[in-house]
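Since the structure comes first, as structure tokens, the remarks are kept for the end.
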Amino acid sequence: MTLPAAYELSVVIPAYNEETIICQTVQAITDDLAARGITHEILVVDDGSTDHTKEQVQGLVGRMGSHLRLVQTHHQGKGGAVRSGVLAARGAFILFMDADHSTRIEE
């Protein structure tokens with residue numbers, strides 16, 4: 001038996017040492033999807049960062065609530081981080097995005 005999806009969209013963001021930009025990226029994605037009325041979750045996959053990426057995301061989780069999740073892994077590379085995020089996703093559709101938001105959510 002397959003359970004129904006909890007969200008329309010899961011956004012998976014692998015992150016390795018992204019403390020300076022992760023908050024802006026998550027906020028931009030949240031604002032855009034909320035404006036579109038899309039139920040969503042954002043999964044930031046901390047790929048064993050050695051900076052304060054994890055703490056930055058934890059602070060956001062405290063402010064933004066349950067639609068933002070931090071998935072922590074040991075350093076396994078971008079592909080492994082994406083895989084971990086996809087496996088943890090609960091959306092009907094899954095979108096992978098880079099932490100630097102090089103391809104904007106609006107696109």
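The values are calculated or read from the model by the stated rules, or taken from the named source; none is laboratory data. Predicted, not measured: the structure shown is a model, and the values here were computed from it. Glycine gets a Cβ as well: all are built from the backbone with ideal geometry, and neighbour counts include every protein chain shown. Accessible surface is based on the protein model in full, side chains and every heavy atom, while ligands, DNA and RNA are left aside. Shrake-Rupley method; radii C 1.70, N 1.55, O 1.52, S 1.80 Å.
Among the protein heavy atoms of the chain, carbon and sulfur supply 53% of the accessible surface, probe 1.4 Å, non-protein parts ignored. Taking Lys and Arg as +1 and Asp and Glu as -1, the other residues whose beta-carbon sits under 15 Å from that of H40 total -2.
Each eigenvalue of the Cα gyration tensor of the chain, multiplied by 5 and square-rooted, gives one semi-axis; in descending order these are 20, 16, 13 Å. Seen from every direction in turn and averaged, the convex hull around the alpha carbons of segment 1-41 projects onto 3.7 nm². Among residues other than H75 with Cβ under 14 Å from its Cβ, the summed charge is -1 (Lys and Arg +1, Asp and Glu -1). Put simply, the amide H of F93, placed in the peptide plane, has neighbours under 5 Å in L9, S10, leaving out anything fewer than 5 places away on its chain. Taking amide hydrogens as placed 1.01 Å from N in the peptide plane, the amide H of L68 sits under 5 Å from those of I42, each at least 5 positions away in sequence or on another chain. Scanning residues 5 or more positions from E19 or on other chains, those with amide H under 5 Å from its amide H are H52, T53, with H placed 1.01 Å from N in the peptide plane.
Would you mind getting the accessible area per residue of the chain, heavy atoms of the protein chains only, 1.4 Å probe, in Å²?
On the way: 5860 Å² over 107 residues.
For the chain, the solvent-accessible area averages 55 Å² per residue.
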